[in-house]
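Here's the structure, in structure tokens; my notes come after.
The values are calculated or read from the model by the stated rules, or taken from the named source; none is laboratory data. All values reported here derive from a predicted model rather than from experimental measurement. So basically every Cβ, Gly included, is an ideal-geometry build from the backbone, and we count neighbours across all protein chains shown. With ligands, DNA and RNA removed, areas are computed over all heavy atoms of the protein, side chains included. Shrake-Rupley method; radii C 1.70, N 1.55, O 1.52, S 1.80 Å.
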Amino acid sequence: MTYNPARRLFLGGSLAATAAGATGIITPAALAAGSSMAAPHVMYGPQAGIAKLNANENPYGPSPAALKAIAEASSTGGAYYAYQAGMYLTDMIAEEYGLKKENVAITAGSSLILAFAAYAATSKGKILGPDLFWDTTSKAPISQGGPDIVRVPNTADLDIDLDALYNAIDGNIAMVHICNPNNPTGKVLDTKKLQDFCIKASKKTLVLVDEAYNELISDGPAHSMIPLINQGHNIIVARTFSKIYGLAGMRVGYMLGSEENISFINQYGLGGYSINQAGLAAAIASFKDEAFKDFSRDKVMEAKDMIMSAVKANGLTALPSATNFVFVNLGDNGDANAFRAAMEKENVLIRGQYRTYKPWSRVSTGKIEDVKMYVDAMPKALEAMYRA
């Protein structure tokens, strides 16, 4: 954010005039009495009439329990640093997975700790990953002069090729980055094959598994690589509260690993200083809220069924998805960027092209009424795309 002294003076002057009259002194009592001061109008979500299906968010969150916790934390703890709540959540996470608090690092969303891991890894070598995965954080060091990601092709079915990844590990590779389920494909790897890969590959280098969408799988715990950490393997696992918990805007995520790996990665961050009271309170209230997670999964399934039916009705195909988004094949002449532009004209926001995968378009599940807008707009948007 750019600091604007003029804006600062304007806001300060307005507050002073409202809260303290001619004295210019702002006191809590004066602020409390300043009922005439208009609240700023901020757009926190999409505008009315816009279907926001481009960011894999859960628009049904925060849960009722999280909203109550947010209000309490903001009113009673907003003035204080969030160390105590951060330690409480750390202990909760450690207990859930049978780890010690030293095995847990929490940050403002998992993106931050994933970026820290990337910086740590590239201080020793290069990052290896599939051609198509959520690579934003692994690309972060590049802007600071770090090395490019070493990539191996996905399979013909757009699966992550574990054998090719393993064969690409040499002395220059400091970390392998895998997303499971993968983004943007939505595909989940065979658990036994991934476990075998992690055990084998971690003998040669650090293995990172980003499990941002794990809770969206009905049997998520069975697919997780977290147990490998307890077994002493050189594995780190990232999780987030942004997806099934509906807390993307509250920014809470975490990473699990050996005490040595977590300590090494934390050298590149600021620890608990990146966390806020409201986000932590929401995460604490949501962590074991199984009813809300079940509700969210049901909504995601309903929306995915609608999308897949529309895909089929329009003569297209899509990859099977274990997540809250679908990767749609627009056909041989498809153009994801043109399709996105056509959808935007219908007030539907989706993602455009990923890397060289021009015909492939990603759409998030979102609210049911928003998914209906996508479904209804699809024929017209496809026609516009082919004309373009």
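Filter LYS101/LYS299; LYS293/LYS380; LYS100/LYS288 down to the pairs with a C-alpha to C-alpha distance above 28 Å, please. Could the numbers behind the result be given before it?
On the way: LYS101/LYS299 34 Å; LYS293/LYS380 35 Å; LYS100/LYS288 19 Å.
Where the Cα-Cα span goes over 28 Å, the pairs concerned are LYS101/LYS299; LYS293/LYS380.
Give the peptides 244-251, 45-52, 191-198 in descending order of average Cβ contacts within 10 Å, highest first. Working shown, then result.
Values: 244-251: 22.9, 45-52: 13.2, 191-198: 16.4.
The most tightly packed comes first, giving 244-251, 191-198, 45-52.
FRET efficiency for the GLU260 to ASP91 pair, using the beta carbon distance and R₀ = 35 Å, is estimated at 0.95.
Quick one: length gained pulling GLN144 to LYS101 fully straight, 0.36 nm per residue minus the C-alpha distance? All intermediate terms of the calculation are to be shown ahead of the outcome.
Details: separation 43, 0.36 × 43 = 15.48 nm, distance 3.10 nm.
Stretched out fully, the GLN144 to LYS101 stretch lengthens by 12.4 nm.
Its Cα gyration tensor gives the range 188-227 an equivalent ellipsoid. The semi-axes, each the square root of 5 times an eigenvalue, are 20, 10, 7 Å from largest down. If you look at the Cα atoms of the range 162-239, you get an Rg and a Dmax of 11.9, 38 Å.
Computed in the context of the full set of protein chains, the accessible area of the range 108-149 at 1.4 Å probe radius has 48% of its extent on carbon or sulfur. Backbone N atoms of the range 331-370 closer than 11 Å to the 7 Å Cα→Cβ label point of LYS380 belong to residues 343-348. In the context of the full set of protein chains, residues of the chain present 49 Å² of accessible surface per residue (probe radius 1.4 Å, heavy atoms only). Per the Debye formula with a single identical scatterer at each Cα and no solvent contribution, what log10 I(q)/I(0) holds for the chain at q = 0.07, 0.13, 0.15 Å⁻¹? Cα-only, vacuum Debye calculation for the chain: -0.37, -1.14, -1.37.
With the convex hull of its Cα atoms as the shape, the range 246-287 has an orientation-averaged projected area of 3.4 nm². Counting Lys and Arg as +1 and Asp and Glu as -1 over every other residue whose Cβ lies under 14 Å from the Cβ of ASN234, the net charge comes to +2.
Each of GLU72 and ASP196 was given a label point 7 Å from its Cα along the Cα-to-Cβ line. The distance between the two points is 4.9 nm.
For a Förster distance of 41 Å, can you work out the FRET efficiency between the beta-carbons of LYS288 and ASP157, rounded to the nearest 0.05?
Values: r = 36 Å, r/R0 = 0.88.
Given R0 = 41 Å and the Cβ-Cβ separation, E is 0.70.
About the centre of its Cα atoms, the chain shows a dipole size close to 800 debye [charges on the beta carbon of Lys, Arg (+1) and Asp, Glu (-1) only; nearest 20 debye]. Give a quick list of trypsin sites (Lys or Arg not before Pro) in the range 263-361 that DSSP marks as loop, anything other than H, G, I, E or B, with at most 15 other Cβ atoms within 10 Å. Here the sparse-neighbourhood loop sites are LYS288, ARG355.
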